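These notes are about the structure you will find just below.
The values are calculated or read from the model by the stated rules, or taken from the named source; none is laboratory data. Please read these numbers as outputs of a predicted model, since none were measured by experiment. Virtual Cβ from ideal backbone geometry, glycine too; neighbours counted across all protein chains shown. For accessibility, only protein heavy atoms count, side chains too; no ligands or nucleic acids. Shrake-Rupley method; radii C 1.70, N 1.55, O 1.52, S 1.80 Å.
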Amino acid sequence: MSVRSLREVFKGDFDIGAAVNIWTVDSAAELIKAQYGSLTAENEMKPVNTQPAEGVFTFEKADKIADFAARHGMKLRGHTLVWHNQTPDWFFEAPGGGPADRETLLRRMRDHIRAVAGRYRGRAYCWDVVNEAVADEGEQWLRPSKWHERVGPDYIVRAFEYAHEADPDALLFYNDYNECNPAKRDKIIRLVKWLKEQGAPIHGIGMQGHYNLESPSIAEVREAIERYAELGLIIHVTELDMSVYAWDDRRTDLKEPTAEMLERQAERYEQLFALYREYRDVIRSVTFWGAADDYTWLHNFPVRGRRNWPLLFDENHRPKEAFRRVVRTAGVEA
Ligand code: HAH
């Protein structure tokens, strides 16, 4: 029996994408070609991989993914140019040791963005320009990172300017997680408003979408979409997955997901996609953070020695109940 293609089912609504890496483009090639219309490199375009030492650019792995996308007529989302994580230490160090100053950091940022966004110009149609700059907890607005401490908050503005300079045609995104948490959501909104006041060329908000069976509630997701949409930018769901564990569940004994977990996951995915379809005018792309459950960043994270099953396809690339329910939201049977 043939399986519906997510890409086709949601054609009139939004793009359906998946994060891939240099191994999964091979191991899940057939599934990816059949189901997804957009790719994101899970790690291969991050600073740690593209510029491991100053002035030393390595693009083989990123190219492998960009080439796969081009060969199969898929879109490519760029991820990510400026981040506090997966960025080599040299970025922040002075040539003689000690912390680099603001000018050095901004020059390195600009050179990096120019090289990476420049290389994929005409291939990556959009970029997550700044990833996760907002603080998770408490009163603090922006996360205390080396970028923030050594450049000041305007590092975010500069990143968008440099990205626009490197690729004037690319759509530029601010991307973050816990984006439906009301307190963090409001900090993200404050950031985006401030960026617009500063004249930063920002076109969209990336809602990462790392969810679980309990949170966020669908009402919180709806409220977040509403508030982000009011800013007049487009929305991409950039890294969707649904852990079968609550955030504080530390169990490591499960060899496979329980029937209850799979049912609840299917129900939540169905509710999410029904919601996304309501907002199809602002949500232009929905990308899963993986292709199928055999490989996900959530194996061993945040709990070592634990597997997870957060996606729509199982470890053998077969559609799960969640897949059928998602397809159903578009008014067709799986
Ligand atoms: C995301 N962070 C990153 O954007 C992505 O690049 C990475 O591959 C996986 C997840 C989400 C995140 C985190 O890094 C740490 C704690 C919670 C969530």
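Some notes on this structure:
- Calculated translational diffusion coefficient of segment 11-129 (10 °C, 1.306 mPa s; Stokes-Einstein with Kirkwood radius over alpha-carbon pairs) equals 105 µm²/s.
- Rounded to 5, percent antiparallel among DSSP beta bridges of the chain: 10
- Accessible-area composition of the chain, carbon plus sulfur, in percent [1.4 Å probe]: 47
- For residue 11, the lysines whose Cα falls under 27 Å of its own Cα, not counting residues fewer than eight places away in the same chain, are 33, 64, 75, 320.
- Filtered GluC sites (Glu not before Pro), segment 151-249: DSSP coil and at most 10 other beta carbons within 10 Å: 230
- Normalised by the number of residues in the chain, the average gap of Cα pairs under 8 Å and 6 or more apart makes the relative contact order 17 percent.
- Between the alpha-carbon centres of segment 267-313 and segment 1-52 there is a gap of 13 Å.
- Global size of the chain as Cα Rg and Dmax, reported in angstrom: 19.4, 64
- DSSP bridge orientation in segment 1-103 - percent antiparallel, rounded to nearest 5: 20
- Measuring against 28 Å, Cα to Cα, the residue pairs 146/184; 61/196; 46/184 contain 61/196 as the ones spanning a longer distance.
- Within segment 165-297, percent of DSSP bridges classed antiparallel, to nearest 5: 0
- Each other residue within a Cβ distance under 10 Å of residue 317 adds +1 if Lys or Arg and -1 if Asp or Glu, for a net charge of -4.
- Solvent exposure of residue 210, expressed as accessible area, is near 50 Å², computed with a probe of 1.4 Å over the protein chains only.
- A 1.4 Å probe run over segment 6-125, with the rest of the protein chains in place, finds 41 Å² accessible per residue.
- Choice from 25, 286, 303 with maximal GNM fluctuation in the chain (Cα, 10 Å cutoff): 303
- Stokes-Einstein D in µm²/s, Kirkwood radius over Cα pairs - segment 250-334 at 25 °C with 0.890 mPa s viscosity: 177
- Rounded to the nearest 500, the helix-only mean residue ellipticity at 222 nm of the chain stands at -11000 deg cm²/dmol, with each DSSP H run of n ≥ 4 adding -39,500 (n - 2.57).
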